[in-house]
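Asker: The structure's right below; bear with me while I get my questions together.
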Amino acid sequence: MLIVLVGLLIVAYKFIFVSDEVNLTAEENIAASERVESVLREVQRINFDTSLLRDPKLVSLKSIQVPLLSLPIGKKNPFISPQGAAPK
């Protein structure tokens, strides 16, 4: 009886949780790998010109960034009523 129950549980598990939808053929795998290889070749052909980063005009630029002042935000306890306000 126990063996039958374990067998039914295994069959139910495979039926519910294991799907056969990912069943690619060899031709589909070959076609997908060829597409990936062609995209990889295109990406490898990209050539960046980094001489712009060494341009004296770019290197001579100065930062005009202004540091922000550190100001306190809000009250220490926002649930305390302001001084002098009448309670409701």
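Readers should treat all values here as calculations from the given coordinates under stated rules, not as data from a laboratory. Just so it is clear, the structure is predicted and the values come from calculations on it, not from any experiment. Heads up, the Cβs are rebuilt from the backbone with ideal geometry, glycines too, and the neighbour counts pull from every protein chain shown.
Asker: Under a point spin-label approximation (7 Å from Cα along Cα-to-Cβ), what is the K57-M1 distance to one decimal in nm?
Answerer: So the label points at K57 and M1 sit 9.1 nm apart.
Asker: Can you compute 3J(HN,Hα) from phi for each residue in segment 48-60, using the Karplus curve 6.51 cos²θ - 1.76 cosθ + 1.60 with θ = phi - 60°, rounded to whole Hz and x for Gly and Pro?
Answerer: Listing the rounded values in order: 8, 8, 8, 5, 4, 5, 9, 5, x, 5, 6, 5, 7 Hz.
Asker: What spacing in nm lies between the two simple spin-label points modelled at I16 and N47, each 7 Å away from Cα in the Cβ direction?
Answerer: 6.0
Asker: A further question follows. With label points built 7 Å along Cα→Cβ from the Cα atoms of S33 and L71, find their separation and express it in nm.
Answerer: 6.3
Asker: Something else about it: With charges only on Cβ, +1 for K and R and -1 for D and E, what is the dipole size of the chain about its Cα centre, in debye, rounded to 20?
Answerer: Using Cβ point charges on Lys, Arg, Asp and Glu, the chain gives about 1140 debye.
Asker: A further question on this structure: Rounded to a whole number, what is D in µm²/s for the chain from Stokes-Einstein with the Kirkwood radius over alpha-carbon pairs (25 °C, 0.890 mPa s)?
Answerer: In µm²/s, the coefficient rounds to 105.
Asker: Just from its helices, what would the mean residue ellipticity at 222 nm be for the chain, if runs of 4 or more DSSP H residues each count -39500 (n - 2.57) and the sum is divided by every residue, rounded to the nearest 500 deg cm²/dmol?
Answerer: -14000 deg cm²/dmol
Asker: Starting from the Cα-Cα distance between F79 and T25, subtract it from 0.36 nm times their residue separation and give me the gain in nm to one decimal.
Answerer: Working it through step by step, the gained length comes to 12.8 nm.
Asker: For the chain, with a Gaussian network of springs between Cα atoms less than 10 Å apart, report the residue from L61, L71, L53 with the top mean-square fluctuation.
Answerer: Residue with maximal mean-square fluctuation among L61, L71, L53: L71.
Asker: Same structure, new question: Would you mind telling me which residue in I16, I64, I73 has the biggest mean-square fluctuation in a Gaussian network model of the chain, where springs connect alpha carbons within a distance under 10 angstrom?
Answerer: The residue that fluctuates most here is I73.
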